[in-house]
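To keep things clear, I will list the structure first and then write my remarks on it.
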Amino acid sequence: MMFQGWAAAEQGRIEDGLRLMRDGLIAARRTGAKIWETLWLALQVQACNAIGQFDEAFSLLSEALTQVERRGECFYEAELYRLKGQLILRRTDPLGTPSPTDEAELQFQHAIAIARQQQGKSLELRATVSLARLLRDTGRREEARMMLGEIYNWFTEGFDSADLKEAKTLLDELCAG
């Protein structure tokens with residue numbers, strides 16, 4: 001049910017996907033299952049972020065990070081901090097001004113550090129792409145290019161994956177400009 005919900009959200013049927021993911025998590029919790037709960041919560045965070053439900057996204061993210069601390073389920077911890085950085089960038093205060101980019105940058109850097117510690121190169125790549133975009137958008141293109149180039153060049157295969165395609169597109173843009 002969780003994967004069906006995630007697939008529906010990825011196909012643009014976000015409300016339907018969220019409903020399935022919520023129902024799936026409830027059903028899993030009824031059985032006492034705890035494994036992968038941080039992943040299920042992260043998928044819901046992504047869907048909520050996509051449709052601007054930031055309060056719910058932050059609530060789910062907080063719950064996931066609590067699970068990381070409480071149960072030590074940290075395989076997706078780097079991605080949770082990357083998502084936190086993305087949410088911070090999209091959130092606005094009541095006056096409509098964007099959140100400070102410094103806070104988001106810290107979250108992306110923390111995600112990268114965790115991924116490196118866990119030797120999770122794919123999650124490190126995702127977090128680096130997010131940070132490189134932020135650096136590009138704040139006038140730090142060379143820093144972004146160097147950082148992204150370093151992690152991108154580590155990979156020797158899988159260049160048809162969505163994450164590596166996204167990284168390559170951004171890297172090409174940073175090299176051209």
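The figures follow:
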{"quantity": "Residue 77 within 20 Å of residue 126 (Cβ to Cβ) and either touching a residue at least 40 places away in the same chain (Cβ under 8 Å) or among the acidic types (Asp, Glu) (or both)", "calculated": "yes"}
{"quantity": "Residue check for residue 105: within 26 Å of residue 125 (Cβ to Cβ) and surrounded by fewer than 22 Cβ atoms within 10 Å (Cβ to Cβ)", "calculated": "yes"}
{"quantity": "Lone qualifier among 5, 12, 24, 32 - being touching a residue at least 24 places away in the same chain (Cβ under 8 Å) and over 24 Å from residue 109 (Cα atoms)", "calculated": "5"}
{"quantity": "Per-region count, region 114-139, residues under 19 Å from residue 89 (Cβ atoms) and surrounded by fewer than 15 Cβ atoms within 10 Å (Cβ to Cβ)", "calculated": "3"}
{"quantity": "One residue from 55, 102, 16 being among the acidic types (Asp, Glu) and over 26 Å from residue 129 (Cα atoms)", "calculated": "16"}
{"quantity": "Odd one out for residue 82, checked against (1) assigned to a helix (DSSP H, G or I); (2) over 12 Å from the mean Cα position of the chain (by Cα)", "calculated": "(2)"}
{"quantity": "Checking residue 12 against (1) surrounded by 15 or more Cβ atoms within 10 Å (Cβ to Cβ); (2) outside any helix (DSSP H, G or I), the condition it does not meet", "calculated": "(1)"}
{"quantity": "Residue within region 147-163 that is at pLDDT 95 or above and touching a Gly at 6+ places or on another chain (Cβ under 8 Å) present", "calculated": "no"}
{"quantity": "Tally, over region 30-77, of residues that are surrounded by 17 or more Cβ atoms within 10 Å (Cβ to Cβ), hydroxyl-bearing (Ser, Thr, Tyr) and in a helix (DSSP H, G or I)", "calculated": "1"}
{"quantity": "Contacts under 9 angstrom Cβ, first residue in region 131-152 being outside any helix (DSSP H, G or I), partner among the polar types (S, T, N, Q), 6 or more apart", "calculated": "138/101"}
{"quantity": "First in region 99-128 and closer than 15 Å to residue 155 by Cβ, second anywhere and of a type in the set (D, E, K, R) and surrounded by fewer than 22 Cβ atoms within 10 Å (Cβ to Cβ), Cβ under 8 Å, 6 or more apart", "calculated": "115/121; 122/163; 124/116; 125/163; 126/163"}
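The values are calculated or read from the model by the stated rules, or taken from the named source; none is laboratory data. Just so it is clear, the structure is predicted and the values come from calculations on it, not from any experiment. Here the Cβ is made from the backbone with ideal geometry for all residues, glycine too, and neighbour counts use every protein chain on show.
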